[in-house]
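Right, one structure below, let's go through it.
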Amino acid sequence: MKRGLLQLTGAVIDILQKVERLPRPGEEVPAQAALIAPGGGFNALAAARRAGADVAYGGALGTGPFADMVRTALAAEGVEALQKRALEIDQGFCVVLVERGGERAYVVNPGAERAATAQDLASLPLADFQWALLGGYAAPDPPEPDIFADLLAALPRNVKLMFDPTPLAMVVGRARVGRALARADWVSANWREAQALTGEPDPAKAARSLAAGREGALVRDGANGCWLAEGGAAQRIAGFAVEAVDTTGAGDAHVGAFIAALLAGRPAAEAARFSNAAAAISVTRLGAASAPRLAETLAFLAKRGG
């Protein structure tokens, strides 16, 4: 029996502070709330796990207090870490400033999650899983070697790959993004990423373009929901109006919940509505790994008539 989802994107630590507004150069502003917790690849992993999927972590782990925080969080979610080699550097971290209304800015310091080798990835039991998830944040910046090239080439065809470009995919180069896109069975991107990848300013057309030659694609559009494209057609799956506290990790919650719903046998349109609900709940909470549990998402949908 195959396992569910293998998360290939590395986890980091988010150092998050909620502020009224971003500071000007040389200015100090007070934090209204603060949180230090795992983020990065942990977000979608936790979303899928909480939505009922069997999930394993295929990213790298380092040595140090931040790496220990990630290990503790993985254990709390019941997620196995498959790379056994502990790298001799700590996990990276991301400073997140969240403004009133939920918008945010990032400062990233990479660590062990970006330091795995192609040999580390080659040790992963890819064929044991039904799905693999790869995000653009996993790609090392040029001129570092693309450690995922061999993995993508070796990924069995009966393992479905979800690719989430993330904003960083626009930085590391089209060639690296192209290799992931060429192998991806599904793509989930926000509207800006989809426009950058396809040149289409219309989200429905962008979704159709991203879905061409693969099973399907999602273009996430915040509170408006998402566009789902499969079989040459695109449809808008309406979102849910909520009071946003922090939009950090909403896309991750959406991707993880969508894969979990597909693993549970839901049709893609139903899975997209389910993931819209999970993402809507996540933005009402501070922190990136704020995806809800399955029962909470189902209760939310029941109240909203879905």
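The values are calculated or read from the model by the stated rules, or taken from the named source; none is laboratory data. Computed from a predicted structure; not experimentally measured. We place every Cβ from the backbone using ideal geometry, glycine too, and count neighbours over all the protein chains shown.
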Problem - Single residue of region 169-191 satisfying the filter (surrounded by fewer than 16 Cβ atoms within 10 Å (Cβ to Cβ) and modelled with pLDDT under 90) that is nearest to residue 153 (Cα to Cα) - result: 178
Handout entry: Count - residues of region 133-154 that are modelled with pLDDT of 75 or more, buried (at least 21 other Cβ atoms within 10 Å of the Cβ) and within 14 Å of residue 115 (Cβ to Cβ)
Key = 1
Handout entry: Given (1) touching a residue at least 40 places away in the same chain (Cβ under 8 Å); (2) surrounded by fewer than 23 Cβ atoms within 10 Å (Cβ to Cβ), index of the condition residue 29 fails
Key = (1)
Practice task
Check residue 48 against each of (1) among the hydrophobic types (A, V, I, L, M, F, W, C); (2) under 14 Å from the mean Cα position of the chain (by Cα); (3) part of a loop (DSSP other than H, G, I, E, B) and name the one condition it does not meet.
Solution key: (3)
Fill in the blank from the handout: Filtering region 1-44 down to residues that are of a type in the set (D, E, K, R) and either assigned to a strand (DSSP E or B) or touching a helix residue (DSSP H, G or I) at 6+ places or on another chain (Cβ under 9 Å) (or both) yields 2, 3, 14, 18
Practice task
Could you please find all residues in region 87-104 being hydrophobic (A, V, I, L, M, F, W, C) and surrounded by fewer than 15 Cβ atoms within 10 Å (Cβ to Cβ)?
Solution key: 95
Practice task
State yes or no: is residue 263 in contact with a Leu (Cβ under 9 Å, 6 or more places away or on another chain), under 21 Å from residue 177 (Cα atoms) and of a type in the set (A, V, I, L, M, F, W, C)?
Solution key: no
Handout entry: So residue 9, is it among the hydroxyl-bearing types (Ser, Thr, Tyr), within 25 Å of residue 119 (Cα to Cα), touching a residue at least 60 places away in the same chain (Cβ under 8 Å) and surrounded by 14 or more Cβ atoms within 10 Å (Cβ to Cβ)
Key = yes
Exercise for the section: Just need a number here: residues in region 77-131 that are in a helix (DSSP H, G or I) and in contact with a Ser or Thr (Cβ under 6 Å, 6 or more places away or on another chain). Expected result: 0
Exercise for the section: For region 52-61, enumerate the residues that are surrounded by fewer than 23 Cβ atoms within 10 Å (Cβ to Cβ) and part of a loop (DSSP other than H, G, I, E, B). Expected result: 52, 54
Handout entry: Odd one out for residue 20 among (1) surrounded by fewer than 13 Cβ atoms within 10 Å (Cβ to Cβ); (2) free of Cβ contacts under 8 Å to residues at least 40 places away in the same chain
Key = (2)
Exercise for the section: Name the single residue, out of those in region 278-306 being of a type in the set (A, V, I, L, M, F, W, C) and within 20 Å of residue 54 (Cα to Cα), that is modelled with the lowest pLDDT. Expected result: 289
Exercise for the section: Determine if region 245-259 includes at least one residue that is of a type in the set (A, V, I, L, M) and in contact with a strand residue (DSSP E or B) (Cβ under 7 Å, 6 or more places away or on another chain). Expected result: yes
Practice task
Would you mind listing the helices (runs of 4 or more DSSP H) fully within region 204-306 where at least 1 residues are under 19 Å from the mean Cα position of the chain (by Cα), crowded, with 22+ Cβ neighbours inside 10 Å and of a type in the set (A, V, I, L, M, F, W, C)?
Solution key: 250-263, 268-282
